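One structure is given below, encoded as structure tokens.
The values are calculated or read from the model by the stated rules, or taken from the named source; none is laboratory data. Since we're looking at a predicted model, the values are computed, not measured. Backbone-built Cβ (ideal geometry, glycine too); neighbour counts: all protein chains shown. Ligands, DNA and RNA are stripped out before the accessible areas are found, and what is left, the full protein with its side chains, is counted by its heavy atoms. Shrake-Rupley method; radii C 1.70, N 1.55, O 1.52, S 1.80 Å.
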Amino acid sequence: GRLSRWRRWAEERDVILFDQRGVGQSRPELTPPFFFDLPMTEPGTRASYVEASRDLARRSRDFWAERGVDPAGYTTADSADDVNDIRRALGYDRMSPVGYSYGSHLCFSVIRRHGAAIDRAIAGGSEGPDHTFKLPGNVDKALAELDRTLALDPRWKSVLPSLVGALADLLNALRRSPKRVTIKDKRRGGEVEVTVGDWDLQMAVADTLGATPALKALPANILAMTRGDWRWLGETALSRRRRPAFNFMSIVMDVASGATPARLARIREEAKTALLGDAINLPFPDVGDGLGLPDAGETFRGPLRSDVPTLMHVGTLDGRTPVSNADELLPGFSHGRKLVIGNASHDTGSWSGERSACEDEMTRFLDGQEPSTDRIDIPFAFDSPA
């Protein structure tokens, strides 16, 4: 999807793609040679996952420090300055940054620090300066929107009347009695028995909020669990307990961007009653505790005001960067525009095809024209019940 967009834009303008410090083809690439190794014989817990994540982050910090890496150089502000340095090195007077999800977070930092060199900007899946850590209340709203969407599907109406209701019942059941499930161990071979609990389910569902295929399959996976088939949950739990350690740059970047004290307090309060707790954020913000990682500061996270014409496109089924993010940011943009994509999730693969209506609007905006609409609805259908 996005590759076709770049090719399309490259027909009429110069398109510069780059890998940030610490990832992709940048050197050093900061993925450490470590893996999670959490036990299979007991249900997962927030505490054990955060503790293991913090330990791996500490090991990663030490691993890269031995190789001369200073974490102070891997914040979003540093990457924003890199964007402007690339512009100058290539001899361009002006630029139009385009970013999605974290890329939009970076885009907003470029706007704040180098707005005088920007013609126009596109910040999709809008993640503003104080949006790095997600609000559990917004996750509840995303699940409620999924529930409403499911209720309109005649195939599911009698089979699963309420996705949220069934999910709440499953969480309660797992809280009372964790389940043991035997699944294929794809990495090591053979079979493995995994014990799963309510936290494992919270994390599994939170993960679906970033990918359309996973969202489409969610009702079927929930229905299977109500019928006693826990394989999907066992597979996701196994994957998390043995996953590779996080890229160190991504840890530094998110910890540095952080959140204002008010937002952190709101996250803690909302997590007490939210269906998935604070699963959407884990292992952040706790992963950086005691590691001496940089903090971008309250000025970085403060309100952003700009005259740069900026298009923010957001999806109604996006549980990670909801429409409300753009609504909070727009008052600070004298020439800001919002494009709502109905039924779009967080992954741009759900809607970004070559010559799509959404990309037509982005192209119009880069060409200096106003969007022809403020909403585009795209097809979305859950997988069929078994």
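What number goes with the only condition from (1) open to solvent by less than 30 Å² (accessible area, probe 1.4 Å); (2) outside any helix (DSSP H, G or I); (3) touching a strand residue (DSSP E or B) at 6+ places or on another chain (Cβ under 8 Å); (4) of a type outside the set (Lys, Arg) that Cys107 does not pass?
Just one mismatch for Cys107, condition (2).
Of (1) at pLDDT 90 or above; (2) on the phi > 0 side of the Ramachandran plot; (3) out of contact with any strand residue (DSSP E or B) (no Cβ under 9 Å at 6 or more places or on another chain), Arg355 satisfies all except one. Which?
(1)
From the list Glu29, Glu51, Glu42, which residue is open to solvent by 70 Å² or more (accessible area, probe 1.4 Å), among the acidic types (Asp, Glu) and touching a Gly at 6+ places or on another chain (Cβ under 9 Å)? Quick ask: steps written out before the conclusion?
Values: Glu29 fails: open to solvent by 70 Å² or more (accessible area, probe 1.4 Å); Glu51 fails: touching a Gly at 6+ places or on another chain (Cβ under 9 Å).
Matching residue, one of Glu29, Glu51, Glu42: Glu42.
Among the residues of the range 19-26, is there at least one that is open to solvent by 70 Å² or more (accessible area, probe 1.4 Å), in contact with an Asp or Glu (Cβ under 8 Å, 6 or more places away or on another chain), of a type in the set (D, E, K, R) and not in a helix (DSSP H, G or I)?
Yes, some residue in the range 19-26 is open to solvent by 70 Å² or more (accessible area, probe 1.4 Å), in contact with an Asp or Glu (Cβ under 8 Å, 6 or more places away or on another chain), of a type in the set (D, E, K, R) and not in a helix (DSSP H, G or I).
Being farther than 22 Å from Pro136 by Cα and among the acidic types (Asp, Glu) is the requirement here; does Asp185 meet it?
Numbers: farther than 22 Å from Pro136 by Cα: yes; among the acidic types (Asp, Glu): yes.
Yes: the conditions hold for Asp185.
Any residue that is charged (D, E, K, R) and either open to solvent by 70 Å² or more (accessible area, probe 1.4 Å) or in contact with a Gly (Cβ under 9 Å, 6 or more places away or on another chain) (or both) - is there at least one of those in the range 70-82?
Kept after step one, since they are charged (D, E, K, R), are these residues of the range 70-82: 70, 78, 81-82.
Checking which are either open to solvent by 70 Å² or more (accessible area, probe 1.4 Å) or in contact with a Gly (Cβ under 9 Å, 6 or more places away or on another chain) (or both) leaves us with 70.
Yes.
Scan (1) open to solvent by 10 Å² or more (accessible area, probe 1.4 Å); (2) more than 18 Å from His105 (Cβ to Cβ); (3) not in a loop (DSSP other than H, G, I, E, B) for the single condition Phe365 breaks and write down its number.
Every condition holds for Phe365 apart from (1).
Kindly provide the set of residues from the range 359-386 that are over 18 Å from Gly336 (Cβ atoms), at pLDDT below 95 and charged (D, E, K, R), ordered by number.
Residues satisfying the conditions are Glu359, Asp360, Asp377.
The conditions are (1) out of contact with any Pro (no Cβ under 7 Å at 6 or more places or on another chain); (2) part of a helix (DSSP H, G or I); (3) more than 30 Å from Ala72 (Cα to Cα), and Glu270 fails exactly one of them. Which is it?
Answer for Glu270: the failing condition is (1).
Using the structure shown, decide if Glu359 is outside any loop (DSSP other than H, G, I, E, B), over 30 Å from Arg54 (Cβ atoms) and more than 20 Å from the chain's Cα centre (by Cα).
Details: outside any loop (DSSP other than H, G, I, E, B): yes; over 30 Å from Arg54 (Cβ atoms): yes; more than 20 Å from the chain's Cα centre (by Cα): yes.
Taking the combined requirement at face value, the residue satisfies it.
Ile251 fails exactly one of the following numbered conditions: (1) among the hydrophobic types (A, V, I, L, M, F, W, C); (2) touching a helix residue (DSSP H, G or I) at 6+ places or on another chain (Cβ under 7 Å); (3) modelled with pLDDT of 95 or more; (4) under 30 Å from Thr149 (Cα atoms). What is the number of that condition?
Unmet condition: (4).
So, in the range 239-253, exactly how many residues are surrounded by fewer than 23 Cβ atoms within 10 Å (Cβ to Cβ) and part of a helix (DSSP H, G or I)? Talk me through it step by step, then tell me what you get.
Filtering the range 239-253 for residues surrounded by fewer than 23 Cβ atoms within 10 Å (Cβ to Cβ) gives 239-247, 250.
Pick out the ones that are also part of a helix (DSSP H, G or I) and you get 239-241, 250.
Residues in the range 239-253 being surrounded by fewer than 23 Cβ atoms within 10 Å (Cβ to Cβ) and part of a helix (DSSP H, G or I): 4 in total.
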